[in-house]
Amino acid sequence: MNSKNNTQTCLPPPSTDLACNSADAKESKAAIPPMLQVLLLEDNVELAELLRLMFEMWGFQPTVAHLGRDASRLLEEQEFRLALVDIDLPDTTGFEVVAGALAQGWLQNTKIIFFSGEPSDDRVAMARQFPGSLFVPKPFEMQNLLGLIQKLFPNEPTCEC
Amino acid sequence: MTTSFSRDYFPTTHWSVINNAGNSQSLLAESALNELCFRYWEPLYVFARHGGTAHANAEDLVQSFFLDFLEENYLQGLDSKNGRFRAFLLECFKNHSRNEWKRAGRQKRGGGADHLPLDWATADEKFQSLMAAETPEKMYDRAWAVTLLEQVLELLGEEMQAKGKGELFEELKPSLMVDRADFSYGDAANRLKLSEEATRQAAKRLREYYQKLLRQEILKTCDPAEVEQEIQFLLNAFSD
C-alpha cells in the first residue's frame, strides 16, 4: 500500500505521449481501476476544452460544465471524486453551486478545488468555509494543480496513456 | 504561387522536422509549415488590430506578409533557437511590419498583387469578440488558442464528411462544446433515427476523436516534449 506522504510515486508523471488514443485507453481500462472522475466547471469554452485535454492526458476522466445549473445537474446524476469549480459563472457563482450540492448531500465523496481570476481575501475566506476545499488563483501552473490533486488522492491509480 | 495547401500529408511534427533539416530543408516540411501559417493567419490580424492598426491596413499587412512568406524563403537559417512555431510566426510578422512601415511611401505589396483567399470579415469579428487583453501579444496568444480549437473542429468536420458522417457530425457538434447544456441527446437521436444510447456513444466517440485531433494539432506546432508546456501556455492565454 502506498504511503500517504509518498505522493510523487503514487501517480505517474503527466504524459506527453501523443500517440495515446481512445483505443489504447480502453485497452488499459481493463487492467486498472476506473479513472478518477473529475467535474470541470468553467464557463470559458476554450479554457474548459484545454483543461479537459490536460486532464485526459493525465489519465483522469473529465466532464465539463459551462454553467452552474448544468454542474448541479451533473452532480446530482453522477458521483465525481473531484470538482474544479470556477467561482465566476454566467448564471450563478461556484460557491452557490457547491453550497447547493452540499445541502443535497451530493458531494459526500467529492473534493473541491475552487479557482478564480480575482482571488480576493473575501473569496479565499469564503472558500475556506467549505470543509476540505482548496482555492487556486488563476492563472495556475498545471504542474502545481496536478501536485495538489496528487496530494488529495495519494493512492489513486491513473491511466498511463 | 507554387505552394500547395493539401492536408493529405503531414510529418509528425512539422517544427521538429524543420529544425532537424538544417540547411537542407525538407520541401514537405516547408510546405506543411506554409500551410500552418495559412491556417493560423487570423491571430496575426488580431495582433495588428490590437496594436492600433486600422482594419484596411491590417489586411494589407497580413496579406503582404503571406505573399512574402510564401514567395521568399523565410525558413532559411531556421534552427531550434527560433523556438515554437507560434512565436516564430509572430516574430516574422513583426519584422515584416517594421519593414512595411519603412517603405510606407512606396506602393504596398498587398496593393497590386494577387490576393490570398482570406476571410477578413470573420477575422475582424474574432478581433471584436475576443475578450480584451492588455497587450497585442496577449491578444495574439488568445486568438491563437481560439483559432487552434476552431481549426480542430473544422478538421473533424472534414474528416467526418469524408467518411460519409457529415450529418452525424452536424447533429452532434453542439455536444462537443457542452456536455449537457442546451443539448438533448433524445432530440438528436430522433433526428438521427438512432437510439438515445447509441447517440450518446456516438457523441462520446466524436469527443474522443476531437481530443485526439487537438493533441495532434498541438503537436504540429511544438516538439513532443513541449506539449504540456504548450497547453499550459494556451491556458494562460485566457487569463489576465
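The values are calculated or read from the model by the stated rules, or taken from the named source; none is laboratory data. This one's a predicted model, so the numbers in the text were calculated from it and none came from an experiment. Here Cβ is always computed from backbone atoms with ideal geometry, including for glycine, and neighbour counts include all displayed protein chains.
Of the helices (runs of 4 or more DSSP H) entirely within segment B:110-202, those holding at least 3 residues that are surrounded by fewer than 18 Cβ atoms within 10 Å (Cβ to Cβ) and at pLDDT 90 or above occupy B:136-162, B:166-177, B:185-192.
Considering segment B:33-71, the residues that are under 15 Å from B:Arg98 (Cα atoms) and touching a Pro at 6+ places or on another chain (Cβ under 6 Å) include one that is modelled with the highest pLDDT, namely B:Phe47. Do we have A:Glu56 as closer than 28 Å to B:Leu130 by Cβ, within 13 Å of chain B (Cβ to nearest Cβ) and in contact with a Phe, Trp or Tyr (Cβ under 9 Å, 6 or more places away or on another chain) here? No: the conditions fail for A:Glu56.
Any idea which residue in segment B:219-240 is surrounded by the fewest Cβ atoms within 10 Å (Cβ to Cβ), counting only those that are among the acidic types (Asp, Glu) and at the interface with chain A (Cβ under 7 Å from one of its Cβ atoms)? Before the answer, list the steps.
Narrowing segment B:219-240 to residues among the acidic types (Asp, Glu): B:223, B:226, B:228, B:230, B:240.
Those still in the list that are at the interface with chain A (Cβ under 7 Å from one of its Cβ atoms) too: B:228, B:240.
Details: B:Glu228: 21, B:Asp240: 14.
Among those residues, the one meeting the criterion is B:Asp240.
Restricting attention to segment A:101-117 and to residues that are small (Gly, Ala, Ser) and closer than 14 Å to A:Ser72 by Cβ, the residue that is surrounded by the fewest Cβ atoms within 10 Å (Cβ to Cβ) turns out to be A:Gly105. The listed residues are A:Val85, A:Val98, and the only one of them that is of a type outside the set (D, E, K, R), closer than 14 Å to A:Val38 by Cα and crowded, with 17+ Cβ neighbours inside 10 Å turns out to be A:Val85.
If you go through segment B:200-218 and keep only what is of a type outside the set (Lys, Arg), out of contact with any Phe, Trp or Tyr (no Cβ under 9 Å at 6 or more places or on another chain) and facing chain A (nearest Cβ under 7 Å), you end up with B:Glu208, B:Gln211, B:Leu214. For segment B:208-223, indicate whether the set of residues that are among the aromatic types (Phe, Trp, Tyr) and over 23 Å from the mean Cα position of the chain (by Cα) is non-empty. No, that holds for no residue. Give me the pairs: first residue in segment A:116-138 and within 14 Å of chain B (Cβ to nearest Cβ), second residue part of a helix (DSSP H, G or I), beta-carbon distance under 6 Å, and six or more apart or on different chains, which are they? Correct list of pairs: A:Ser116/A:Arg123.
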